[in-house]
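A short worksheet on the structure shown next.
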Amino acid sequence: MAEFSIIDGHNDTLLRFYQNEDVNLPDFFTEMVGGHIDLPRAREGGFAGGFFAVFVPNPKRRIDPDNMPDLRKPYTSPAVEFTFSQAAAQRQVADLYRLEALSEGQIKVVRTADELQACVDSGVFAAILHFEGAEAIDEDLNALEVFYQAGMRSLGIVWSRPTIFAHGVPIAFPSSPDIGPGLTDAGARLVKRCNELGIMIDLSHMNEKGFWDVAALSDAPLVATHSNAHAICPISRNLTDKQLDAIKASDGMVGLNFATGFLSEDGAWDSDRPLDIMVRHLDYLVERLGETRVGLGSDYDGARVLDDVGDVSKLPNLIAALKSAGYNDDLLHKLSHQNWARVLRKIWKD
């Protein structure tokens, strides 16, 4: 058993199953070739579960963590058609529940903070159903109600492209996140209904105007599940000091993204770099937000990550680096899972 149980703020493992015909759901229970997450490697690395993203890919472009775009040229993606989005989302939600059924009790899709904590305590792998972008939700929010009843408890209003609700931030380096307009009227209604239902709103792909629109409307803690410090890596996807201060004031949360392009000062996708750059971002986030508002948000199976944390079995390398940097066990337990449990308990209604 690993010393620390890690709840992770973001992975794209469902997308890996969706867009790879040679990867099947039963493979999750064996040590798969490639990818970042499967159950045996999760057990080895202390990966206790996390947010499983439902992401609608562009039908004309496959997301490949080993072939990331040159961020020195702003990367934008066109809007995705609603009917396609609904079909893609439904397939991925179904796959998560198929995994739960195949696991024979080893995996549980959690809907409450008590269920999450019980999984951590008992060693059951916890999966939180998250949507990375609201492309599969209609303007009248009918689909929101259905997906909520199906277990969705976390929603990113946008990925890095426009929707009927808001504009996602184009990914560019170096760049401010202040690119494009904020929430639409439909987006404002979506924020309010998420608050009413107790759905966590993820701000990781929101541009700056959208961020401040949500901050003004929402009565819940502000959360960015997989973002880093813009002061260290000035990419549009990272959070400025002003945004971090707002998250702290709301008693919210930031999960550290492991993607090399969001960590490195030069914005390069070079995975052969020391874990010091992750420690530096965590130092900065803890200093800015406080010890109870920082966690991990790997982006596993969705981005190129550092070699030393190249899959979930290698997470103890990060823990060791943090220990060497002076992080004590109390803080490491907070960063690994307690802070996620805390903020979700504040947001979720049930």
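General observations
- Shape category assigned to the stretch 119-231 from the gyration tensor of Cα positions, a/c cut at 1.5: oblate
- Put a dot 7 Å past the Cα of THR30, heading toward its Cβ, do the same for ALA249, and the two dots end up 5.4 nm apart.
- Long pairs among LYS108/LYS192; LYS323/LYS346; LYS192/LYS349; LYS192/LYS334; LYS248/LYS314, criterion Cα-Cα beyond 20 Å: LYS108/LYS192; LYS323/LYS346; LYS192/LYS334; LYS248/LYS314
- Ordered by solvent-accessible area of protein heavy atoms (1.4 Å probe), largest first, the residues HIS281, HIS167 come out as HIS167, HIS281.
- Cβ-defined net charge surrounding SER336, 13 Å radius [Lys, Arg +1; Asp, Glu -1]: -2
- Solvent-accessible ranking of GLU3, GLU291, largest area first, probe 1.4 Å: GLU3, GLU291
- Accessible carbon and sulfur surface of the chain relative to its total accessible area, %, 1.4 Å: 49 percent
- Solvent-accessible surface of the chain, taken per residue with a 1.4 Å probe and all protein chains present: 37 Å².
- Measuring r between the beta carbons of ASP185 and ARG91 and using R0 = 30 Å, the FRET efficiency lands at 0.50.
- Protection proxy ranking of 329-341, 104-116, by the mean of other Cβ atoms within 10 Å over each peptide's residues and highest first, is 329-341, 104-116.
- Cut-off 13 Å between beta-carbons: net charge of the residues surrounding ASP251, Lys and Arg +1, Asp and Glu -1: +2
- For the chain, DSSP calls about 10 percent of its internal beta bridges antiparallel.
- Environment charge at HIS167 (Cβ cut-off 12 Å; Lys +1, Arg +1, Asp -1, Glu -1): -1
- Here the sum of -39500 (n - 2.57) over DSSP H runs of 4 or more residues, divided by the residues of the chain, equals -10500 deg cm²/dmol at 222 nm, to the nearest 500.
- Options (1) 36, 29, 20; (2) 25, 24, 21; (3) 51, 25, 19 - which one matches semi-axes √(5λ) of the Cα gyration tensor in Å as calculated here: (2)
- Heavy-atom accessible surface of THR83, to the nearest 10 Å², is about 90 Å², with a 1.4 Å probe and all protein chains retained.
- Most mobile listed residue (PRO170, PRO316, PRO59) in the chain, GNM with C-alpha springs under 10 Å: PRO59
The values are calculated or read from the model by the stated rules, or taken from the named source; none is laboratory data. Since we're looking at a predicted model, the values are computed, not measured. Quick reminder, even Gly has a Cβ in these numbers, built from the backbone with ideal geometry, and neighbours come from all protein chains shown. Side chains are part of the model used for accessible areas, which takes the heavy atoms of the whole protein and leaves out ligands, DNA and RNA. Shrake-Rupley method; radii C 1.70, N 1.55, O 1.52, S 1.80 Å.
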